[in-house]
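Novice: First the structure, which I've put down as structure tokens, then a few questions once you've had a look.
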Amino acid sequence: MATVYFQNHVVTITFEEELQLGTAVWSGFLNSQEFREAITNCIELIEGRKLLRWLGDNRQMKAIRPVDQEWFVEHIMPRLQQSALRRNAVLVSEDFFNRTAVEQIYRRAEGQGEMTTKEFSSKITALAWLKEPINTPA
């Protein structure tokens, strides 16, 4: 059962302890303060609970400002790469500008750290991939 970690008018962040899974369901446009607050809550949940899996439901999320993309790459990506997170499933946004922004962020992070990111259009398929066994270092 999912536990709500953080919620406001644009995002709901939950986690499922037994699956070591966090989820962020986004809706609409976030200004810089909202984006950074929500993302900071995401990374603190990932680090605090040592989550292995993440589902970013971006289907209703709108554009991410270039300044916030830079902030994410500079401040959050290094923390993600140092975290326990191994699988990151992204439900692709219906918004072209959001899709482009998210692709650019993850392209810059390719090959760094042990996290694998995959894009999905189906939540069922994304969760099936996330729930597959993960080989973690002993």
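Novice: What does a probe at SER27 reach in the range 43-77, counting residues whose amide N is under 15 Å from the point 7 Å along Cα→Cβ?
Specialist: Counting backbone N atoms under 15 Å from the label point, the list is 57-62.
Novice: Further, regarding this structure: Just from its helices, what would the mean residue ellipticity at 222 nm be for the chain, if runs of 4 or more DSSP H residues each count -39500 (n - 2.57) and the sum is divided by every residue, rounded to the nearest 500 deg cm²/dmol?
Specialist: -11500 deg cm²/dmol
Novice: Follow-up question, since we're still on this one. Order these by the 10 Å Cβ neighbour count, fewest first: ILE64, ILE13, ILE43, ILE134. Write out the running numbers ahead of the final one.
Specialist: Values: ILE64 26, ILE13 22, ILE43 18, ILE134 14.
Least crowded to most crowded, the residues run ILE134, ILE43, ILE13, ILE64.
Novice: Continuing with this model, one more query. Using just the C-alpha positions of the range 3-128 as equal point scatterers, what log10 of I(q)/I(0) does the Debye formula give at each q in 0.14, 0.21, 0.23 1/Å?
Specialist: Log10 of I(q)/I(0), two decimals: -0.54, -1.41, -1.79.
Novice: Sticking with this structure for a sec: Exposure proxy check: SER93, SER121, SER83 ranked by fewest other beta carbons within 10 Å? Present the calculation step by step, with values, prior to reporting the outcome.
Specialist: Details: SER93 22, SER121 10, SER83 18.
Starting with the residue having the fewest Cβ neighbours, the order is SER121, SER83, SER93.
Novice: How far is it, in nm, from the label point at GLU37 to the one at LYS123 when both lie 7 Å from their Cα along the line to the Cβ?
Specialist: The two pseudo-label positions are separated by 2.4 nm.
Novice: In percent, what relative contact order does the chain have, based on Cα pairs under 8 Å that are 6 or more apart in sequence?
Specialist: On the way: 233 pairs, mean separation 29.0, N = 138.
So the answer I get is 21 percent.
Novice: Also, quick follow-up: I want to check the label-to-label distance for ASN8 and GLU44. Put each point 7 Å from Cα in the C-beta direction and report it in nm to one decimal.
Specialist: 1.2
Where a number appears in this text, it was derived from the coordinates with a stated rule and is not lab data. Nothing here was measured: the structure is a model prediction, and the numbers come from that model. All Cβ positions, glycine included, derive from the backbone under ideal geometry; neighbour counts span all protein chains shown.
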